[in-house]
1. Among the residues of segment A:286-344, write down those that are of a type in the set (D, E, K, R) and closer than 27 Å to B:Thr366 by Cβ.
2. Would you tally the residues in segment B:319-340 being at pLDDT below 95 and of a type in the set (Phe, Trp, Tyr)?
3. In the list B:Ser219, B:Ser174, B:Ser205, which residue meets the criterion of being free of Cβ contacts under 8 Å to residues at least 24 places away in the same chain, closer than 29 Å to B:Gln31 by Cβ and hydroxyl-bearing (Ser, Thr, Tyr)?
4. Working only within segment B:127-150, note down all residues that are more than 23 Å from A:Ala385 (Cβ to Cβ), within 45 Å of the chain's Cα centre (by Cα) and outside any strand (DSSP E or B).
5. Any idea which of (1) in contact with a Gly (Cβ under 8 Å, 6 or more places away or on another chain); (2) more than 21 Å from B:Asn222 (Cβ to Cβ); (3) within 13 Å of chain B (Cβ to nearest Cβ); (4) at pLDDT 95 or above is the one A:Val168 doesn't satisfy?
6. Taking B:Ile136 as meeting all but one of (1) modelled with pLDDT under 95; (2) more than 9 Å from chain A (Cβ to nearest Cβ); (3) buried (at least 22 other Cβ atoms within 10 Å of the Cβ), write down the number of the exception.
7. Here are some conditions: (1) in contact with a Phe, Trp or Tyr (Cβ under 8 Å, 6 or more places away or on another chain); (2) at the interface with chain A (Cβ under 10 Å from one of its Cβ atoms); (3) among the aliphatic types (A, V, I, L, M). B:Ala69 meets all but one. Which one does it not meet?
8. Inside segment B:162-189, can you point out the residues that are charged (D, E, K, R) and not in a loop (DSSP other than H, G, I, E, B)?
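The values are calculated or read from the model by the stated rules, or taken from the named source; none is laboratory data. It should be emphasised that the depicted structure is a prediction, and the values quoted were computed from it without experimental measurement. FYI the Cβ positions are ideal-geometry reconstructions off the backbone, even for glycines, and counts take in every protein chain you see.
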There are 2 protein chains.
Amino acid sequence: MHRVRRKMGRFEELIPLEEAFRRMDSVDWKQPVTETLPPQEAHGRIVSEDTMALGNIPEWNRSLVDGFAVLSDDCAAASETNPAVLAINGVIEAGSSSFSRYTSGQCTEIYTGGLIPEPYDSVIMVEDVEVGGGKISVFARPRKWENVQKAGDDIASGSVILQKSGLVRPWHVSAMTGSGTDQVRVFRKLRIGVIATGNELFPGSEGYIPNTTQELLVSYLNRPFLDARAAGVAHDSREEIAEMIEAALEKYDCLVVTGGTSLGGRDEVPESMEKLGTPVFAGSMIRPGRTLTLYRSSGKPVFSVSGIPIPSLLSFDLFFEHFLKRLLGFSQYRRTVWGKLSQPVSNKAGYAGIYRVRVRGGPDGTQVDPVKSHGTGTLGSILNADGTMLIPGTAEGFEQGELVPVKLFGDYI
Amino acid sequence: MHRVRRKMGRFEELIPLEEAFRRMDSVDWKQPVTETLPPQEAHGRIVSEDTMALGNIPEWNRSLVDGFAVLSDDCAAASETNPAVLAINGVIEAGSSSFSRYTSGQCTEIYTGGLIPEPYDSVIMVEDVEVGGGKISVFARPRKWENVQKAGDDIASGSVILQKSGLVRPWHVSAMTGSGTDQVRVFRKLRIGVIATGNELFPGSEGYIPNTTQELLVSYLNRPFLDARAAGVAHDSREEIAEMIEAALEKYDCLVVTGGTSLGGRDEVPESMEKLGTPVFAGSMIRPGRTLTLYRSSGKPVFSVSGIPIPSLLSFDLFFEHFLKRLLGFSQYRRTVWGKLSQPVSNKAGYAGIYRVRVRGGPDGTQVDPVKSHGTGTLGSILNADGTMLIPGTAEGFEQGELVPVKLFGDYI
């Protein structure tokens, strides 16, 4: 009698979020592809193995101060009353060097960063000597390696520059380049195709709606280690959707399909997936996004999400972050900060709730302000949000003053 | 007598950081250029004016549930014992609509997100009616606008989507597109040229050093609202440097010149700038980076920084962040979080100190771990850092357990 009820049947037995994660983890996903790049091109990528320094940084001993490079033994007897006097045999500016000029009783003027030639083993600061007539007077025996940064002291040959699954930042590139590491093994950019479905997305259609969800997902996924693209817009036709998904599976490592997920009275995506893949889970107890369904197709994930912008984004992102951890070991997708909740937030029993929040910092610590939202599809409530807070399905809510984790949105996402 | 001392003279009277900021603020910098873009292309840019919604989101009244759109007056007398019976005249799926079909005593089946046609003013949830024989029975009078998201309820026409100087994120694009805002005024990408100086940077030179500083700065400045590029490598020649700077001033809005800043015994950059610009300040009491010198040239900033990678990056970034705030009003360059310091950190009296830190979060709040560094140029100490902590020159240090602000490095920088 209740036609609508029947339609919702597919989602009547929702599993908890943790069970959905477990199922995702247990799937034998297609292994990610890796590639070898010069360090400069690896900026923003995820390394697929521990990356080592091939050589030392600095490569040679370097001066930490402006002063005079000496052999400490030449000043062995130096004292206030009986200074050692050394002839200045030249000058070493940053980067340049004057190897093999030394003869006993000589020193070389040197500047911060200058390479210290053999056999010098110490640099005396300019403030600690008297200079005149091409000579310096030294009033105390310097310690061996005083004011010297020894070769490999910054980064030693063979040490780990970046651990497996870490993100390559500019200083990692410098450390690789500087230590002679000219190749780095990284994961290929994960290729994500976003397919939108819905008759209403075609200009001129009755009740035309701009295709904001696809655009939102693609631009949100614009990260240096991902390659996300719009992979087509399909009508509400099982055949058209199936064809588009099948073609996209050839090109992409991961698919997201928006709309046609049955709560809106249409069921085209599940129907079109019948022959293309096997469901990992069909919906879960999260809000928003309980209809999010994950399929495995040729070893690749196909996420079927709502067609409404914010619910589809927030729910997809929750699972996608977990997927990146599972597939690449990558744990820096969204940064977590902890702060005190400024107001209580109640949560629907059994459902893991994704709440938009603002984060304020100050000398009293970090404050987390929940952002009010009415309705599931509201854009207004995300415009000023800094990130999201997840309340587990086992919790009825979070109390005021409670210390809660917030997953920040990217700085420039 | 002390040749080295004389060379350092230019930096003997260093000003405090706050004074350096004040001088930067008081300069009449060239006004930034703005441009008008479609919202999609504005993603990652900084808006140069408040950006308003041209229309409502949603554009029409929409259903928040699956159920039946009704005119509440048609159910005025409905009760448990005397239900109102309405004929179902059609169905409205998400996005589609069936305007002007209604005649008195009718209802329309509707799904979440469906546009509600005139004159309906309420949606009754499917769970609350009995359906059969093409009719529904309604057992209570619905409230007017029950389960209806009214036009403009998410984002109202004329409301602010993004305030001046805010960063355009994917949801701002959706809000603009969805509300009919098809043009947005943003700052043109700030064009930053990085010039490296030093004989040692030329392959084959004595004491050759890879040009890591220029590369580090350019890749660090890779942000969607900036356009940073390498603008040449010059020998330690006053004329060559001056020529390169002059040419770059034609192309860029802001210049950074690495090396040749006199503590290394060379003074070519200050000499080459003599005819090209006026100093805003020459060095300041910060560590690392006390030699950082700012010039104004044709209304544009020219930053002369150390040639050593990490000191040049950290000191430049401190001033550049302030410059972005001053010029564009932009305050989201680096995100600040607060946490408890796990160990005391002592600071050199009078100097604002930039310290690399790690940030750990957990149910005990956010912990800040200082990263040990030896020597100023150490790359090793930044490889695992999450951001920096600034200790003001007025403070001798921060105590263990003190709540301190940390400026995070970008997520994917």
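1. Once the filter is applied, which keeps residues that are of a type in the set (D, E, K, R) and closer than 27 Å to B:Thr366 by Cβ, segment A:286-344 yields A:Asp317, A:Glu321, A:Lys325, A:Arg326, A:Arg334, A:Arg335, A:Lys340.
2. 1
3. Details: B:Ser174 fails: closer than 29 Å to B:Gln31 by Cβ; B:Ser205 fails: closer than 29 Å to B:Gln31 by Cβ.
Every option except B:Ser219 fails the conditions.
4. Filtering segment B:127-150 down to residues more than 23 Å from A:Ala385 (Cβ to Cβ) leaves B:127-148.
From what's left, within 45 Å of the chain's Cα centre (by Cα): B:143-148.
Those that are more than 23 Å from A:Ala385 (Cβ to Cβ), within 45 Å of the chain's Cα centre (by Cα) and outside any strand (DSSP E or B): B:Arg143, B:Lys144, B:Trp145, B:Glu146, B:Asn147.
5. (2)
6. (1)
7. Exception for B:Ala69: condition (2).
8. B:Arg185 - this is the single residue of segment B:162-189 that is charged (D, E, K, R) and not in a loop (DSSP other than H, G, I, E, B).
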